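Each value in this text was obtained by applying a stated rule to the coordinates, not by laboratory testing. Just so it is clear, the model here is predicted, and its values are computed rather than measured. Every residue, glycine among them, receives a Cβ derived from its backbone with ideal geometry; neighbour counts consider all protein chains shown.
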Amino acid sequence: MTSRTVSLLVKYCLQLTGKSLASAFVLEMDPEVGWRMARRCAEARIEFPMPLTGRDHHVVSAYHEFLAPGRFANPVLHEAFRLYSGPESAVLKAMIIAGLSEDPDNHLQIVGEKMGLRKEVVEAFETLYFNVLDRCDETLYLANIVYPDGRLATLDEDYFARTSSGDLLLRAGYDYLDIELVQYLSGLRGNDFIRALMENGDAACQLEDAMHMNASLMLKVGGANVKSASLNQLVKLVSSGRKSRTRQPLTLSQEFDMAEELCDAISTPKSPESHPSESKRPAPVREDLVQLPAMEAKRMFADGSSIQNFQVPRKASWKNKDSDRPVVVIAIMHAPGKADHYLTEDKVGIPVEEVELLGSSEVQ
């Protein structure tokens with residue numbers, strides 16, 4: 001029912017039943033206004049105050065059912081009431097509200113198909129117990145249904161613990177207008193939805209964006225010094241310096257990171273001791289690559305990369321731009337199409353052309 005239809009129905013019903021119009025606004029903001037008006041008119045034994053057509057005729061049918069229980073035995077209304085009274089109600093509401101931007105008739109047909117319900121049953125449920133599709137442009141009305149306490153509640157670190165699964169589903173449908181998402185979250189769809197998200201490749205960026213957004217909202221409402229999971233997560237992300245969106249494809253003109261070529265993931269960079277004249281920081285190397293047995297001459301990887309240990313560590317000089325720095329190298333690393341790197345005992349990689357081995361001097 002549209003807001004105009006609801007307003008007229010509430011006004012007529014209150015006048016005919018001798019009730020004060022002071023409660024009109026409260027009733028108009030109630031998504032269950034359809035069945036409430038039908039019951040009030042039936043209990044007062046008055047004629048239904050106005051004709052209703054289209055999907056709204058379910059309100060008149062409910063009036064007749066309340067007026068003479070069992071006389072009409074409308075199976076559509078009985079099924080809608082069963083859904084309203086059962087655990088399926090939360091899922092059905094979330095599925096319905098996910099179609100606020102869609103044509104109501106087509107969307108209700110889709111909801112019925114995805115939930116195995118007749119379209120008429122879904123229509124009756126929406127009209128009587130969750131009237132939102134015809135009021136999709138009324139932001140205050142919708143916000144009062146979905147976020148009665150505002151969105152600030154979502155920034156609380158105990159939000160998931162304090163919020164029912166029904167409210168979480170409803171808000172997912174309202175925020176993203178994605179019936180496929182609601183279908184998956186409610187258990188009505190298999191893992192093909194997640195596989196599609198993973199293949200899209202944007203999951204990491206979306207997570208990062210969400211963390212930044214939540215932390216930004218916390219700051220805007222004065223929450224910089226408040227204990228918050230959102231802020232803690234963002235601090236960890238920024239501290240790690242591993243934002244995926246800033247990582248660029250490696251080209252031959254860029255500084256070569258042997259660790260990234262030799263393995264799928266790298267550990268947090270371990271910075272060498274600071275040096276006042278140091279102009280570069282060597283590339284980090286994954287921990288397990290340097291734990292090779294001393295007698296193992298070479299270890300090959302599936303992509304053609306390899307690492308070859310020296311029998312004993314070798315002293316060398318790392319030729320920096322401004323000055324030289326003594327280092328101890330323990331292996332040489334190779335990747336197809338890339339410059340070779342020496343591996344130091346500090347577990348960092350240095351391009352071969354920047355290292356001078358100091359004769360046959362070995363570390364004792």
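Defining a contact as two alpha carbons under 8 Å apart and six or more residues distant in sequence, what relative contact order in percent does segment 14-164 show? Intermediate results must be reported in sequence, preceding the final value.
On the way: 130 pairs, mean separation 37.4, N = 151.
Answer for segment 14-164 is 25 percent.
In the neighborhood of L67, defined by Cβ-to-Cβ distances under 12 Å, what is the net charge if each Lys or Arg adds +1 and each Asp or Glu adds -1? Mind dumping the intermediate values first?
On the way: positive: R39, R40, R45, R71; negative: E43, E47, E65.
Value of the local net charge: +1.
Over segment 19-83, what is the relative contact order in percent, taking alpha-carbon pairs closer than 8 angstrom and at least six residues apart?
Relative contact order of segment 19-83: 27 percent.
For segment 1-145, just say rounded, prolate or oblate: build the C-alpha gyration tensor, square-root its eigenvalues into a ≥ b ≥ c, call rounded for a/c under 1.5, and beyond that prolate if a/b exceeds b/c, oblate if not.
Oblate shape, in that a/c is at least 1.5 and b/c is the bigger or equal ratio.
Please report D158, D178 as a ranked list, fewest other C-beta atoms within 10 angstrom at the top and most at the bottom.
Result, fewest neighbours first: D158, D178.
Give the order of E102, E356 when sorted by the count of other beta carbons within 10 angstrom, beginning with the fewest.
E356, E102
On full extension of the chain, what length is gained from L177 through Y12, given 0.36 nm per residue of separation minus the C-alpha to C-alpha distance? Don't skip to the end; give the middle numbers.
Values: separation 165, 0.36 × 165 = 59.40 nm, distance 3.44 nm.
Taking 0.36 nm per residue and subtracting the Cα distance, the gain is 56.0 nm.
What is the set of long-range amide H partners of A331 at a cut-off below 5 Å, with H atoms built 1.01 Å from backbone N?
F310, L343
Say the dipole of segment 28-127 comes from +1 at the beta carbon of Lys and Arg and -1 at that of Asp and Glu; which of V33, S101, V111 then lies farthest toward its positive end?
Positive-most Cα among the choices belongs to V33.
Which order results if I46, I179 are arranged by neighbouring Cβ count within 10 Å, fewest first? Each step should come with its number before you reach the end.
Working: I46 16, I179 22.
Result, fewest neighbours first: I46, I179.
How large is Rg/Rh for segment 125-181, to two decimals, with Cα atoms and a Kirkwood Rh?
Rounded to two decimals, Rg over Rh is 0.98.
About the Cα centre, and with charges only on the beta carbon of Lys, Arg (+1) and Asp, Glu (-1), how big is the dipole of segment 1-97? Nearest 20 debye, please.
180 debye
What does the charge add up to near Q15, with Lys and Arg as +1, Asp and Glu as -1, over the other residues with Cβ less than 14 Å from its Cβ? Can you show the working numbers first?
Values: positive: K11, K19, R40; negative: E47.
Overall, the nearby charge balance is +2.
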